[in-house]
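Visitor: Please find one structure pasted underneath; my questions will follow.
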Amino acid sequence: MHHTEICGIIFIAQENKIMTGNITQCYDKLKFKVDINQNIKVFTEDEIKRITSNFSIPIGQGGFGEVYKGTLDDDYDLVAVKRYISKDLRKEFMEEVSIHSQMSHRNVVELIGYCIGESTLMIVTKYISKGNLDDILHNSDISIPLDVRLGIAIGCADALSYMHSMHLSNGSLICHGDIKPANILLDSNLTSKLSDFGVSRLLSGGVTQYTVHIKGSVSYMDPIYFHEGCLTPRSDVYSFGMVLLELIARKRVRKGDINLIGGGEIFDAEIANRSNMKILKEMRKLAIECLTLDIHKRPQMNVVAKRLRTLKKELKDLHGRYSEHILASHRSWRKNDNQGPSYNSRMQLKKSLSIFKRNLSNSSKILLGLGNMRIFTQEELNEITQNYSCLLSGGTSGKVYKGTLEDNTVVAVRIFSEELEGFEEAFINGGMILSQIVHKNIIRLLGYCLNADCPAFVYEYAARGTLSDILDGRDDFPLHLRVKIAVETAEALEYLHSSAAGMIRHGYVAPSKTLVDDSFTPKLTGFSWAQRLNNDDSAIHDHDKYCVSLKLKTDVYQFGVLVLTLISRKNFVFYADHEHLVSQFLAAYKADNSGRAFCDDDITTRTEDVALLEEIGRLLLKCICLEIDQRPTMKQVAQHLRIIRRCWKNNCTADGASLDPFGGPPSGRHQKSSSCVAEGPYLTARTLHLPLGWAEGYGAFGGSTPVEWSQPVEGEGRILQPTPNSCLSRAQALMDGKAYQRVTIFLSKR
């Protein structure tokens, strides 16, 4: 008979209600009517309170309610939480979440999650540092040069053009319905991010809709929509025209005796100089075209965006350079004598796309796969990189340059090199995969250039460079940031390995292929040799699934090596050198059964930190196991890392007990029983990760005796006794509707 692990949880003190069954049922009904991206998180009210420190930092308000600044406690990422006043608009709220969740564009603010609470509705988005355009234009004296204003307009126009295109799976397009400066957010580069989709509508097949329920801001609303209830994408065009007028005048469209529509030419004195006048007049002309009452004569947003880009290029040609404001933050605009990449005569023989069509039979599939990406010309790349003046990195596979798009977005431009064997396949493969996946920890592909002289990708920019740069640097690198990078990289791989992504094997997980942004968020790159192992999950037989699993576990090994570099701060130049690092770790672990000597001295000063590192070390032993089928999956790795990080943050570790997360019993170092106490105002199935993690670690990963939580017994407090059978779902069901102030977890053997 196998020995079993008995786990129990004692719940003490008063229960605090956090969610009622009715609200859950309400959501259950709604979820069948709306389509929500599976990556969107669902938060509880208690989690929102913790994220916002009990709504302590208000950053905005409006007719809908208030906005608060917060921090995701696991990832240290800044967020904005919009709390609605009315709790009776759940259907409309879920429609907003559904519409927002289906968009992925650099000029649309990122949706992270939402909450349907007992007394309120809340949306969680990425925090955008500079606030909204309305405040910057009308409530500040910040200098905004004309090229920056054009960039803001271009970003907003691009977002609307994206929304108005037939890009949704159901053939619908999105009409925003409330375009105004207050709904245009600006990041640290003054790149615009469209927000607030509370009155947005899906127009099925692009067909005009009529409604008697007029919603939006009257000052910026299309008169045709206001009087006739006629809602079309051209309604957004009208509102955008109003915003464009405010950008060039830095005055409200209508205020007192001022009317920017019917009045004469009114330009902000800061930008109204002789050299700018031609551009300003063209911008005003474009705005007036957007404002025509003949709705069919209004230009489409893709045309508006194109004309604005042309104006920005003309402005640059007139001035010879962009404003010093932009130059101060984007050195790539400064001219120097550095030349762009050179190619020999053999490359010159390869003309445009013909190289790809000639060498690959699936060229039509390639073009279809990359169809939603922006296609850059070589001339545009010259403009973006200022003639390749700021080299970020280089090697035999190509070079990467820093640049800035027309909407002020900072980007990285990777130029592929012919010296890389099979570079055409690498270029196409990487583009095909990156263009079809969206994850916050995977580098975003913004566009490409198929010019045969200069095949290139344009990516989002990661300010801190690669993880290798950080490891080799001398800056302080605290443990919580290393753990953040480990967890989020694991989550990226977990997503890649999922059936939703097509079971993609990355194939080159390494510090040099892991970019890091300003907030130490990792971004996986290096997809040139990635492989999609499954396009149709239903067609895979059991044997094939086993083979796919083994292939994916090469990433698990590489991830384990990456985490070794994080905890030791020891890097390697060539991937073949990683074996020496693995040998060092195994020798250190064999010496003291913990591997502590292998870890960076800077992160081993606190006892609780050492305990965390030891737990990570035990996990890494599984990841780098030479027997491939004995390695855990990335889903298991990511899940276990989240659990031990939460325990470490809560300083909640079992006294002498250590649980193997992959099915084995706890290590034999503890006696017949040990315990752990967690305290806090709200401890629930979603927030109390330690006991649930133990149960998952022992039951959900296929231990010899899985456990199921049974009904509580009578007596003071609440006790859940395990019975051999299934795993965790019963405990979650019992806890999800309640919260506790004190939880004691005990372990015992029999």
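Derivation of every value follows stated rules applied to the coordinates shown; laboratory data play no part. Computed from a prediction, not measured in an experiment: that's the story for all the values here. Every residue, glycine as well, gets a Cβ built from its backbone with ideal geometry; the counts of neighbours run over all protein chains shown.
Visitor: For the stretch 145-161 and the stretch 558-622, what is the separation of their Cα centres, given in Å?
Guide: The stretch 145-161 and the stretch 558-622 have Cα centres separated by 47 Å.
Visitor: As a quick test, which of the pairs LYS193/LYS306; LYS316/LYS513; LYS130/LYS635; LYS82/LYS635 have an alpha carbon distance above 28 angstrom in this structure?
Guide: From the list (LYS193/LYS306; LYS316/LYS513; LYS130/LYS635; LYS82/LYS635), the Cα-Cα distance tops 28 Å for LYS316/LYS513; LYS130/LYS635; LYS82/LYS635.
Visitor: Sorted by average packing, counted as other Cβ atoms within 10 angstrom per residue and highest first, what order do 490-496, 306-312 take?
Guide: Ranked from most to least packed, the peptides come out as 490-496, 306-312.
Visitor: Tell me the relative contact order for the stretch 576-634 as a rounded percent, counting alpha carbon contacts under 8 Å between residues six or more apart.
Guide: Relative contact order, the stretch 576-634: 19 percent.
Visitor: For ARG374 and ASP592, compute 0.36 nm times the residue count separating them, minus their Cα-Cα distance, and round to one decimal in nm.
Guide: 73.0 nm
Visitor: Arranged from highest to lowest average of other beta-carbon atoms within 10 Å per residue, in what order do the peptides 576-589, 127-140 appear? Before the final figure, lay out the partial values.
Guide: Details: 576-589: 14.9, 127-140: 17.3.
Result, highest mean Cβ count within 10 Å first: 127-140, 576-589.
Visitor: Let me ask another. Just to verify a number: FRET efficiency for SER143 and ASP517, C-beta to C-beta distance, R0 = 30 Å, to 0.05?
Guide: Calculated transfer efficiency: 0.70.
Visitor: Can you tell me which of 379-388, 596-605, 237-246 comes out highest on packing, and rank the rest after it, using the mean Cβ neighbours within 10 Å?
Guide: Listed from highest to lowest mean packing, they are 237-246, 379-388, 596-605.
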